[in-house]
Structure formats: C-alpha cells, structure tokens
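Enquirer: The structure follows.
The values are calculated or read from the model by the stated rules, or taken from the named source; none is laboratory data. What you are looking at is a predicted structure, and each value in this text was computed from that prediction instead of being measured. Using ideal geometry, Cβ is built from the backbone for each residue, glycine included, and neighbour counts are taken over all protein chains shown.
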Amino acid sequence: MCTVDDIVAFLETFAPTELAEEWDNVGLLVGDPTQPVRRVMTCLTVTDDSVDEAVSEGADLLVSHHPLPFRPLRRITTETVPGRLLWKLIRAGIAVYSPHTAFDSARQGINQRLAEGLGLLQIAPLLPHDADAAEPGTGRWGRFEPALPLASLAERVKSLLRVEQLQLVGHRDQPVERLAIGCGSAGELLEAARQHACDGMLLGETRWHTCVEAAAHGVALILPGHYSSERFALEQLADVLSEQFAELQVWASRREHDPLWWF
C-alpha cells in the first residue's frame, strides 16, 4: 500500500525542496507520513471549493501548489479562513503537500514547461541556484529564431494556456527575440531579465510600477494572470503522479477556478 511518505519522497525528487525560495513554506504541511493513500487530488490553491471537492471525493492527499499554511499560525480555529480550511482537511484525514517555488524552479517545473511550450531555444535559468547555469534555478529565459512580433507571441501564449484574453505592455509589432519567464507573480525578476538582454517577459501578473519600468526599458510584458500561468502545470502534475503510482487514483481539481474574471 502506497503511503503519504512514498509520494512525498517522489515529489521531493521531482521538485527538490532546496530549490524553494527562502521565504517559502514547502513540503508536507499537514498529515501523517505513514498514512495509506489511495486517492490524490492536485490543485493550485487550497480554497473552499478545492477542499470541499477533496473531502467529497475521498482524497487522502491534496497536492496544492500554494502552501497552506503559508505563514505561521498561532491557532487553528474556524474563525479564520486558513483555520477553517485546515480544520476541514484535518477532520477528513487529508494530508497536504505543497511544492510551490520548488516546482516553479525544478528541471521539469512550471517555468521550464512554459519555456518549452512556447518553443524557446537555448533555455536557461534567469537566476541559477549555483554557479552552473545549466542547473535548475529561478525563472527561465531563451531565444526565438527568428524573433516574434509581440501580438504573435501573445497568441501563442493564449493557445498554450487556453485563455481568451491577456494583458500586454508594448506595441503589437514589437519584436521579441529573448523572452524571460516567471510564473505567478514574479515582477522582481525584471532586472535579471534585463541583464540577459531580454526584450520580452512572460509573467502571471505584476505590479503597475513594474509595467511602467518595463515599458521605460523597452521590455514587452505578457500577463495572462496568476492562475492561468500556473494551473496547467498542476493538471500535468496529476498525470505525472498517475504514471509514477499506477495503483493510485489521481486527478486535478475539477471545481477549482480563477477568482478573477473579465467584465
């Protein structure tokens, strides 16, 4: 019988926790490592919808990209949102594992999948985690040969992430030869992108001031949204776990949705 610890061991090989950012909270966050597991659900975020689905579908383990808890908690009660969600999970005996920024940076992590999906060449980390630039690290960057007009690149992003709309900084004919990538909210990587002479950057979302700074430096931005830039990879992670653990039933949350929508 597969246990929580068996799956944790695989996930920490697939997305080693040492790749996580210092401020992050990754790994097994809730649960008994020796607990048997038959059903696993992946999701981007622990919300009422994803928790209710995990409980109703009899999941034993929830692999959530975003950690819960993220910050230290003094108490777990139903009077707060994190407390209420954790209370539901604990009462149902559902363990929680979060790979978060370790999965962002891993060899087959989210940023790598975005780079490969868009057809980038010579892919490398924006910020290598050691002196060897071929090793995993934060973000990715690469080249298009030939350069793509921003509008064409935006269509490619929409197709990859299955979104109908996104936001852009730059003009539609602006050529993008070197593209930097930072899933989620990674505007702090703009300076690293500029150091690699990138003329375009794909982010999930970012601050308005980062958009202004990027425009001033002639760096085009593509912003499909935090949810869209990461959710696809949690669907793929469910497939990875299914292949690795054939005896398990694994699925990506069917109730999870982007809380933001266009009006």
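Enquirer: Within the stretch 77-92, is there a residue that is in contact with a Pro (Cβ under 9 Å, 6 or more places away or on another chain) and of a type in the set (Ser, Thr, Tyr)?
Expert: no
Enquirer: A further question follows. Looking at Glu164, Glu79, can you tell me which residue is acidic (Asp, Glu) and outside the structural domain of Ile222 (by TED's automatic domain parsing)?
Expert: Of the residues listed, the single one that is acidic (Asp, Glu) and outside the structural domain of Ile222 (by TED's automatic domain parsing) is Glu79.
Yes or no, residue by residue, for (1) within 22 Å of the chain's Cα centre (by Cα); (2) outside any loop (DSSP other than H, G, I, E, B); (3) surrounded by fewer than 16 Cβ atoms within 10 Å (Cβ to Cβ):
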{"position": "Glu18", "(1), (2), (3)": "yes, yes, yes"}
{"position": "Asp24", "(1), (2), (3)": "yes, no, no"}
{"position": "Thr34", "(1), (2), (3)": "no, no, yes"}
{"position": "Val46", "(1), (2), (3)": "yes, no, no"}
{"position": "Val55", "(1), (2), (3)": "no, yes, no"}
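Enquirer: Which residue pairs have Cβ atoms under 9 Å apart, sit 6 or more places apart or on different chains, and have a first residue in the stretch 202-229 that is within 19 Å of Ala147 (Cβ to Cβ) and a second that is assigned to a loop (DSSP other than H, G, I, E, B) and of a type in the set (A, V, I, L, M)?
Expert: Leu202/Leu118; Ile222/Leu166
Enquirer: Still on this model: Could you please let me know if Asp60 is touching an Asp or Glu at 6+ places or on another chain (Cβ under 8 Å), surrounded by 15 or more Cβ atoms within 10 Å (Cβ to Cβ) and acidic (Asp, Glu)? Steps first, please.
Expert: Values: touching an Asp or Glu at 6+ places or on another chain (Cβ under 8 Å): no; surrounded by 15 or more Cβ atoms within 10 Å (Cβ to Cβ): yes; acidic (Asp, Glu): yes.
Against the criterion (touching an Asp or Glu at 6+ places or on another chain (Cβ under 8 Å), surrounded by 15 or more Cβ atoms within 10 Å (Cβ to Cβ) and acidic (Asp, Glu)), Asp60 does not qualify.
Enquirer: Give me the pairs, please: first residue somewhere in the stretch 17-43 and closer than 20 Å to Ile76 by Cα, second residue anywhere and acidic (Asp, Glu) and outside any strand (DSSP E or B), beta-carbon distance under 8 Å, and either six or more positions apart or on two chains.
Expert: Listed by first residue and then by second, the contacts come to Gly27/Glu12.
Enquirer: I'd like to verify a number: residues in the stretch 71-100 that are part of a helix (DSSP H, G or I) and out of contact with any helix residue (DSSP H, G or I) (no Cβ under 7 Å at 6 or more places or on another chain), how many?
Expert: Within the stretch 71-100, residues that are part of a helix (DSSP H, G or I) and out of contact with any helix residue (DSSP H, G or I) (no Cβ under 7 Å at 6 or more places or on another chain) number 9.
Enquirer: For the condition touching a Gly at 6+ places or on another chain (Cβ under 7 Å) and crowded, with 16+ Cβ neighbours inside 10 Å, what is the one hit in Val4, Val8, Val40?
Expert: Only one candidate qualifies: Val4.
Enquirer: Being outside the structural domain of Val8 (by TED's automatic domain parsing), within 27 Å of Ala124 (Cβ to Cβ) and surrounded by fewer than 21 Cβ atoms within 10 Å (Cβ to Cβ) is the requirement here; does Asp239 meet it?
Expert: For Asp239, the condition - outside the structural domain of Val8 (by TED's automatic domain parsing), within 27 Å of Ala124 (Cβ to Cβ) and surrounded by fewer than 21 Cβ atoms within 10 Å (Cβ to Cβ) - is met.
Enquirer: A follow-up question, please. Just to check your reading of the model, which residue among Leu148, Leu234, Leu189 is crowded, with 16+ Cβ neighbours inside 10 Å, modelled with pLDDT of 95 or more and not in a helix (DSSP H, G or I)? Outline the logic, then answer.
Expert: Working: Leu234 fails: not in a helix (DSSP H, G or I); Leu189 fails: not in a helix (DSSP H, G or I).
After ruling out the rest, the residue left standing is Leu148.
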